[in-house]
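Data block below; observations after.
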Amino acid sequence: MEQIRDAQRARGLNTEGNLLQRFKAFIPIIVPVVANSIIKVQDQAVAMDTKGFNSSCKKTVYRELTPYKWDAACKWLGIFLGVFAVLYRILAAVQVIPAFLTNII
């Protein structure tokens, strides 16, 4: 929008003054902004159509993954470590616990 405002100023549009003058100057600025937004949305819609986002058929995957025994254990270990790291960082920042791991990490 700033680029369009600068272009309109270069064409001689007066954007300074009282509220009514600024409002009148705002209309020639907003028309290109809306037009550019519509063009960008249309381009995005075409790109999404091309990639199949509007397809009504069943989605497929490249290959099916078979679950293993350790998948659930690794998932829960990752969740636990993530929650632990966030809680440790919060509690150390509030100084509820001493930051003993700060020198290690």
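The values are calculated or read from the model by the stated rules, or taken from the named source; none is laboratory data. Keep in mind the model is a prediction, meaning the values are calculated, not measured. Surface areas here come from the heavy atoms of the whole protein model, side chains and all, with no ligands, DNA or RNA. Shrake-Rupley method; radii C 1.70, N 1.55, O 1.52, S 1.80 Å.
For the chain, relative contact order (Cα pairs under 8 Å, six or more residues apart, normalised by length) works out to 14 percent.
Taking only protein heavy atoms and a 1.4 Å probe, the accessible area of the chain is 66% carbon and sulfur.
Taking the helices alone, the chain has a mean residue ellipticity at 222 nm of -21500 deg cm²/dmol, built from -39,500 (n - 2.57) per DSSP H run of at least 4 residues and averaged over all its residues. Here the Gaussian network model covers the chain, with springs between Cα atoms less than 10 Å apart; of 91, 20, 65, 91 fluctuates the most. Each residue of region 84-95 was assigned a 3J(HN,Hα) from its phi angle through the Karplus curve 6.51 cos²θ - 1.76 cosθ + 1.60 (θ = phi - 60°); the sequence is 4, 5, 5, 5, 4, 5, 5, 5, 6, 5, 7, 6 Hz, with glycine and proline shown as x.
Where does the Debye-calculated log10 I(q)/I(0) of the chain sit at q = 0.15 Å⁻¹, using only Cα point scatterers of equal weight, no solvent? One equal scatterer on each Cα of the chain leads to -0.80.
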